[in-house]
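Peer 1: Sharing a structure, written as structure tokens. Questions coming.
The values are calculated or read from the model by the stated rules, or taken from the named source; none is laboratory data. Quick caveat, the model's predicted, so the values are computed rather than measured. Reconstructed Cβ throughout: ideal geometry from the backbone, glycine too, with neighbour counts over all protein chains shown.
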Ligand SMILES: Cc1ncc(COP(=O)(O)O)c(C=O)c1O
């Protein structure tokens, strides 16, 4: 479908696809083909040398996947996107294309545990260095910049404690130093928040989560705002310097504002191969059709549950910026008027109660995912963030009694009954009155 500016719920259904002859299928066809026949030799040579756009082999592009890429770019307000097999590979490729070898990153200390593993273990093995800082403090980002810094990395809504950042302030610091900002927008989704509107350069997603909304596929997305200036060939040799791989051309002179995306696709997706399959792309596209509706329903459920849990004597803290005394409450009202997505966390007064509480839940499944239609619970310290050191857990605000909830689309009264029933069964004395606990929430 011709690109034009629609509101989010229209874009979710129409962007990137127009039914075409001879059959005019209403939903996006699944092109399960590894390769594409070239009409003649000359066209094949043009396509392989990247002088003509088109599909050669599905590791680097597929028509079904391309619809998802166009839809994701339209939703996030970018100039283009690249889909990957998982969110993890989206984060990896987005950063590899910026690092230009063993560079340095400044990263939030409140990141998904798998991203922390990537940065502190796998990237470290290849000489990449990372400085982790408190993302809420723009001065901390500025102070961590070195000559080798090639990117800032943060989550728009942090996992699992739902802390927020003043992204505009952070992107101003980054751009003043010639550094691009990568934002993982998995928890918020573009139906609630668009990082590019606040100055982000690259947006990444685990499309496994709320973009799909059904928990039946894995996928990732990299979306480029197309506005970052990569023209300094000393800083960005892979983009701005001539390369033998591109027959002596630089990606920047060939592709202009799409040079970064071309680097991701033609080098990193091509060489490393974490490609999204066509059936998985179709599954994500089906999910995206209902994104705005689901985000609104999830937010309503989150608010109900946070209110219901806040005064319970077995609950020490509820972590969600909808709580008026939460540190990020004003920021949430200013920048996240449609909510922060389907996740919130809370701390049990007695961490020793975590196993019995989790095992007594009947509706909430103990499962390591978020954004599913079903409500899920995890214990981050033992599960999603289990490889973080005690210091890293403390910096991320994750305690031994912290439980993360991904609220599904069930009826909120049923969900609350399940949580409260299990909490009531715990023998716990509140550490302090509930009102005070809220005052100190997420301090
Ligand atoms: C914020 C965030 N980013 C990235 C990922 C990685 O995504 P995937 O599991 O699709 O590889 C996750 C997974 O939980 C996540 O929560």
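Peer 1: Out of everything in region 124-179 that is in contact with a helix residue (DSSP H, G or I) (Cβ under 6 Å, 6 or more places away or on another chain) and part of a helix (DSSP H, G or I), what residue ends up being farthest from residue 330 (Cα to Cα)?
Peer 2: 142
Peer 1: Take the residues of region 209-233 that are under 19 Å from residue 297 (Cβ atoms) and crowded, with 24+ Cβ neighbours inside 10 Å: which is farthest from the ligand (Cβ to nearest atom)?
Peer 2: 213
Peer 1: What about residue 93, is it in a helix (DSSP H, G or I), closer than 24 Å to residue 242 by Cβ and in contact with a strand residue (DSSP E or B) (Cβ under 8 Å, 6 or more places away or on another chain)? Break it down into steps so the answer makes sense when it comes.
Peer 2: Working: in a helix (DSSP H, G or I): yes; closer than 24 Å to residue 242 by Cβ: yes; in contact with a strand residue (DSSP E or B) (Cβ under 8 Å, 6 or more places away or on another chain): yes.
The answer is yes for residue 93.
Peer 1: While we're on this one: Out of all the residues in region 389-414, which are surrounded by fewer than 22 Cβ atoms within 10 Å (Cβ to Cβ) and either touching a helix residue (DSSP H, G or I) at 6+ places or on another chain (Cβ under 6 Å) or part of a strand (DSSP E or B) (or both)?
Peer 2: 400, 401, 409, 412
Peer 1: Can you pull out the residues in region 346-373 that are away from the ligand (no atom under 16 Å from the Cβ) and not in a helix (DSSP H, G or I)? Step through it out loud before you land on a result.
Peer 2: As a first pass, look at region 346-373 and keep what is away from the ligand (no atom under 16 Å from the Cβ): 346-364, 373.
346, 347, 348, 349, 350, 361, 362, 363, 364, 373, listed by residue number.
Peer 1: Would you check if residue 339 is in contact with a helix residue (DSSP H, G or I) (Cβ under 8 Å, 6 or more places away or on another chain), modelled with pLDDT of 95 or more, on the phi > 0 side of the Ramachandran plot and assigned to a loop (DSSP other than H, G, I, E, B)?
Peer 2: yes
Peer 1: Moving on. Has region 350-370 got any residue that is touching a helix residue (DSSP H, G or I) at 6+ places or on another chain (Cβ under 7 Å) and within 23 Å of residue 109 (Cβ to Cβ)?
Peer 2: There is no residue in region 350-370 that is touching a helix residue (DSSP H, G or I) at 6+ places or on another chain (Cβ under 7 Å) and within 23 Å of residue 109 (Cβ to Cβ).
Peer 1: Look at region 319-355 and say how many of its residues are without any contact (Cβ under 8 Å) to a residue 24 or more places away in the chain and crowded, with 20+ Cβ neighbours inside 10 Å.
Peer 2: Summing the residues that are without any contact (Cβ under 8 Å) to a residue 24 or more places away in the chain and crowded, with 20+ Cβ neighbours inside 10 Å in region 319-355 gives 1.
Peer 1: Another question, if that's okay. Report, by residue number, each residue of region 396-443 that is at pLDDT 85 or above and either closer than 30 Å to residue 131 by Cα or assigned by TED's automatic domain parsing to the domain that holds residue 157 (or both). Break it down into steps so the answer makes sense when it comes.
Peer 2: Residues of region 396-443 at pLDDT 85 or above: 397-426.
Within region 396-443, 397, 398, 399, 400, 401, 402, 403, 404, 405, 406 qualify.
Peer 1: Give me the residue from region 166-194 that is touching a strand residue (DSSP E or B) at 6+ places or on another chain (Cβ under 6 Å) and more than 13 Å from the ligand (Cβ to nearest atom) and, out of that set, nearest to residue 72 (Cα to Cα).
Peer 2: 181
Peer 1: Taking the condition of being under 14 Å from residue 62 (Cα atoms) and under 27 Å from the mean Cα position of the chain (by Cα), how many residues in region 1-50 meet it?
Peer 2: 7
Peer 1: Counting only residues that are surrounded by fewer than 24 Cβ atoms within 10 Å (Cβ to Cβ) and more than 15 Å from the ligand (Cβ to nearest atom), which one in region 79-95 is farthest from residue 122 (Cα to Cα)?
Peer 2: 79
Peer 1: Only one of (1) surrounded by fewer than 22 Cβ atoms within 10 Å (Cβ to Cβ); (2) more than 15 Å from the ligand (Cβ to nearest atom) fails for residue 98. Which number is that?
Peer 2: Answer for residue 98: the failing condition is (1).
Peer 1: Of 293, 309, 303, which residue is touching a helix residue (DSSP H, G or I) at 6+ places or on another chain (Cβ under 9 Å), without any contact (Cβ under 8 Å) to a residue 60 or more places away in the chain and either surrounded by 21 or more Cβ atoms within 10 Å (Cβ to Cβ) or over 17 Å from residue 55 (Cβ atoms) (or both)? Show your work before the answer.
Peer 2: Values: 293 fails: without any contact (Cβ under 8 Å) to a residue 60 or more places away in the chain; 309 fails: without any contact (Cβ under 8 Å) to a residue 60 or more places away in the chain.
When all the criteria are applied, what remains is 303.
Peer 1: What do you reckon, is residue 152 under 21 Å from residue 384 (Cα atoms) and within 16 Å of the ligand (Cβ to nearest atom)?
Peer 2: For residue 152, the condition - under 21 Å from residue 384 (Cα atoms) and within 16 Å of the ligand (Cβ to nearest atom) - is not met.
Peer 1: Is there any pair linking a residue in region 84-96 that is not assigned by TED's automatic domain parsing to the domain that holds residue 149 to one that is outside any helix (DSSP H, G or I) and near the ligand (Cβ under 7 Å from one of its atoms), with Cβ under 6 Å and at least six apart or on different chains, and which?
Peer 2: none
Peer 1: Mind counting the residues in region 76-90 that are in a loop (DSSP other than H, G, I, E, B) and over 13 Å from the mean Cα position of the chain (by Cα)?
Peer 2: 4
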